[in-house]
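Report on the following structure.
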Amino acid sequence: MKLQVGYELHYEFPQPTPMILMLNVHHSRVSDLHTPDHAILTPSVSIDGYRDGFGNWCSRLVAPAGKMTITANSVVNDSGQPDRQMPDATQVAVEKLPEETLVFLLASRFCDSDRMLDLAWKHFGGAATGWARVQAICDFVHHHIEFGYEHARVTRTASQAYEERKGVCRDYAHLAIAFCRALNIPARYCTGYLGDVGTAPPYPPGDFAAWIEVYLGDQWHTFDPRNNTPRIGRVLIARGRDAADVAITTTFGPNTLLSFRVWTDEVIAA
């Protein structure tokens, strides 16, 4: 199937302001792009690109003073299959983990797993290891946190999400990641597009989504503690230790986000 994905961001800047954008579809999905997902800036300014330490594509620019629109619209080919389930996937002993996974065992800005060791072992130490333990974590997080956009707070850590029991998709992801890392399971934060294909209406407003990837067996697996069910049409943008690594925009100066729109819609053949 094909998915039309895109965004439209309207900003206002009181002065020229450097920005970093992380809005392009991840390089692992570039071959699925039916049309390019180039960012269109109004007014037009020059953009430089680079890859960060996690392989994500980043764009640098200086936004001029005044109003600015950043938008993109693309079509992505997708298998149309839900997230793959591998319930027999096993946990790997730390000493046998690939070196590139080790950074995702460490506490980070929002996934303060070092503060949650006792909690993690209390809640999940008696559970079966491997896939079953990660699913138990996602089940717990899914029911522990009350979702609501009014609960969004960009400074909330995993331990605070546990205590406050409210948040948005990034908080679900942070808490699940922190529990996994506390139990010596590598886990990383993902952000991208996720539409409503295969789900029942009514549909919420479009937004970027957060989920997690966990290393079991010999590969990374997708889990989604917010929705806690296999979903169709997940399109990755970026991966990192937590949301601090994959902010869709980072601005180095005062600004106002005037409006924000995201879409992930199935393209229905005529």
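Where a number appears in this text, it was derived from the coordinates with a stated rule and is not lab data. As the structure is a prediction and not an experimental result, all values here were calculated from the model. As a convention, Cβ positions derive from the backbone with ideal geometry for all residues, glycine included, and neighbour counts pool all protein chains shown.
Side notes on the structure shown:
- Scaled to the globular estimate 2.2 N^0.38 Å, the Cα spread of region 94-244, given as radius of gyration, is 0.98.
- Relative packing of peptides 9-18, 101-110, 29-38 - highest average C-beta neighbours within 10 Å first: 101-110, 9-18, 29-38
- Computed on region 94-244, with alpha-carbon pairs under 8 angstrom and 6+ residues apart, the relative contact order is 28 percent.
- Which of 265, 242 has the fewest Cβ neighbours within 10 Å, and the rest in rising order: 265, 242
- The residues 185, 237, 212, when put in order of fewest to most other Cβ atoms within 10 Å, stand as 237, 185, 212.
- In summary, the lysines within cross-link reach of residue 96, defined as a Cα separation below 27 angstrom excluding same-chain residues under 8 places away, comprise 122.
- Cα gyration tensor category, rounded, prolate or oblate, for region 28-167 with a/c compared to 1.5: prolate
- Shape class for the chain, computed from the alpha carbon gyration tensor (a ≥ b ≥ c): prolate, with a/c not under 1.5 and a/b above b/c.
- Here the relative contact order of the chain, from alpha carbon pairs under 8 Å that lie six or more residues apart, stands at 30 percent.
- Descending by average beta-carbon neighbour count within 10 Å, the peptides 49-61, 223-235 line up as 223-235, 49-61, the highest first.
- Its DSSP H runs of at least 4 residues, each contributing -39,500 (n - 2.57), put the calculated 222 nm mean residue ellipticity of the chain at -5000 deg cm²/dmol, to the nearest 500.
- Using alpha carbons only: equivalent-ellipsoid semi-axes of region 152-198, gyration tensor based, whole Å: 20, 16, 9
- Listed by chain and number, the aspartates and glutamates whose C-alpha is less than 17 Å from the C-alpha of residue 67, apart from same-chain residues fewer than 8 away, are 8, 12.
- Angle in degrees between helix 169-182 and the longest Cα principal axis of the chain, rounded to the nearest 10: 40 degrees
- Anisotropy class of region 1-69 from Cα gyration tensor, a/c 1.5 cut: oblate
- Ranked 67, 122, 96, criterion: other C-beta atoms within 10 Å, fewest first: 96, 122, 67
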